[in-house]
1. For the range B:106-126, indicate whether the set of residues that are at pLDDT 90 or above, touching a His at 6+ places or on another chain (Cβ under 8 Å) and closer than 29 Å to A:Gly130 by Cβ is non-empty.
2. Of the residues that sit in the range A:172-186 and are more than 12 Å from chain B (Cβ to nearest Cβ) and among the aliphatic types (A, V, I, L, M), which one is surrounded by the fewest Cβ atoms within 10 Å (Cβ to Cβ)?
3. Looking only at residues that are over 14 Å from the mean Cα position of the chain (by Cα) and surrounded by 14 or more Cβ atoms within 10 Å (Cβ to Cβ) in the range B:120-149, which one is farthest from the other protein chains (Cβ to nearest Cβ)?
4. Check B:Asp81 against each of (1) charged (D, E, K, R); (2) closer than 16 Å to A:His120 by Cβ; (3) in a loop (DSSP other than H, G, I, E, B) and name the one condition it does not meet.
5. Does the range A:37-52 hold any residues that are more than 13 Å from A:Asn176 (Cα to Cα) and either in contact with a Ser or Thr (Cβ under 6 Å, 6 or more places away or on another chain) or in a helix (DSSP H, G or I) (or both), and which are they?
6. Could you tell me which numbered condition B:Pro107 fails, if it satisfies all but one of (1) outside any loop (DSSP other than H, G, I, E, B); (2) more than 10 Å from chain A (Cβ to nearest Cβ)?
7. Give all pairs with beta carbons closer than 6 Å in which a residue from the range A:223-237 that is closer than 12 Å to A:Phe269 by Cα meets a residue that is in a loop (DSSP other than H, G, I, E, B); count only pairs at least 6 apart in sequence or on separate chains.
8. Checking A:Gln118 against (1) in a loop (DSSP other than H, G, I, E, B); (2) crowded, with 16+ Cβ neighbours inside 10 Å; (3) not small (Gly, Ala, Ser): exactly one of these is not met. Which one?
Amino acid sequence: MPAVSEHAGHPDAIAQDMRAAVRLEKWNIFWTITYVGALGAAMGSSQAMKTAWVEDILGLIPPLAFLIGERFERRGADGRYHYGYDRVNGLGFLVAAVALAAVGVFLLKDAVTALMAQEHVTIGTVRVWGRDVWLGWFMIAAQAYACIPPFIIGRKELKLAKSLRDKLLHTDALMNKANWQTGIAGILGILGIGFGFWWADAVAAAIISASIIWDGWNAMKVAAGELIDGMPRELGDEKLSQEADALAKSLHQQFPEAKAILLRETGRFIRAEVVGARPGDFNRDKLKIDGCDDWRIDSISFRP
Amino acid sequence: MARFVWGLLTLLLAACGPFPRDIDDTLQGIHERGTIRVGLVTMRDVDEPLARDFLARLQRESGARVVTERGPAELQLARLDQGALDLVLGDFASDSPWLPEVAIVEPIVDRPAGDRSLGLSPVAANGENRWVGVLEKTVRDIREDAGRE
């Protein structure tokens, strides 16, 4: 059976940015593995360190989901998937969001339990070249290192996510932001223990967990909205997309007899359906809409 | 977030002093009292001289007099947990069920016992990071002198 989707592979307008995003995500995975290893080696019994470490491991899910989704998306439609694989990106986004929120809840429970039990964390020393050095310094160094890659990569991702209208990439950018903030909270937790505040570590872990849950909850709402054919949303927001609004207005002007203009989002693309109107001599290729990039409109169908 | 960071930094600066500190001020208590309260538990006869050497070094290191009391391990660890002792010294497994409740320092000397490793280990209350550092240093000095490192 021939493919029937309107496009195969990435549109030319975003192909270059997609390649840049793929490169960036590969670097993201590489750097994440290096600092997950460093944090794991220096983790000890600190709750905040454990929380930050788990969060950093979870940070691998969005870039992996993006790379998998991108490969599928590139394939275009086939006999089994007539509308192509655009929504694999959305599925990856949901998986990442659920994992993020669930682990946030688990870590918050751990932190609250530690606070309620008034657990005192022991951080010992290690002998290096004849000197006994507090392990907390190694933990702080590992955390400081773990702050650098997410800070740089997250900012680059944000720019690409905007141009690609990629929610998964945007979630990853937010996760990277959460990761470097987690690193700072973790450092403060370790310093707090060093100054004799038993609660500092667990409080830092609880704050980090709450931020993970908040990010996960917001991402879940947007991901679920896309999967149940909700109206296209702005990146990182529940607000309706301005581009979708511009498209709907333009179609209303061209087809004033239409009873409704229905819009849904499949991955980064928008599909429109004009209800109660016939296309007549409408030419999709001549459609130019202010405030909506042409490549975003995947298809416009008519239901007379 | 920024407010939290600045708030915590202010608290940390206000708490300047020795670093790291003990959460329950064990080492400060030792200096103030002039004594280290040690609970001795079962150990092999062959390890007794090592335990005496450890306590003598600890005495020199801290400048405080060692006061020992013998008793069963369960009782001594419970007293350590309650703050009635500064240190428990005896034979402990590296995976003792007490491990989450107390800090078992690396052993002065260890030996295999079935699948486990048993060792003559000092045990401190959790979170007493400065005091644990002193115990670890003393253990390592003995091990180095004995060529066990």
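The values are calculated or read from the model by the stated rules, or taken from the named source; none is laboratory data. Everything numeric in this text was worked out from a predicted model, so none of it was measured. Counting neighbours? That spans all protein chains shown, and the Cβs are built from the backbone with ideal geometry, glycine included.
1. Yes; the residues of the range B:106-126 include at least one that is at pLDDT 90 or above, touching a His at 6+ places or on another chain (Cβ under 8 Å) and closer than 29 Å to A:Gly130 by Cβ.
2. A:Leu174
3. My answer is B:Ile142.
4. (3)
5. A:Gly37, A:Ala38, A:Leu39, A:Gly40, A:Ala41, A:Ala42, A:Gln47, A:Ala48, A:Met49, A:Lys50, A:Thr51
6. All conditions pass for B:Pro107, except number (1).
7. Close Cβ pairs (under 6 Å, with a partner that is in a loop (DSSP other than H, G, I, E, B)) amount to A:Pro232/A:Ser241; A:Arg233/A:Ser241.
8. A:Gln118 satisfies all of (1) in a loop (DSSP other than H, G, I, E, B); (2) crowded, with 16+ Cβ neighbours inside 10 Å; (3) not small (Gly, Ala, Ser) except (2).
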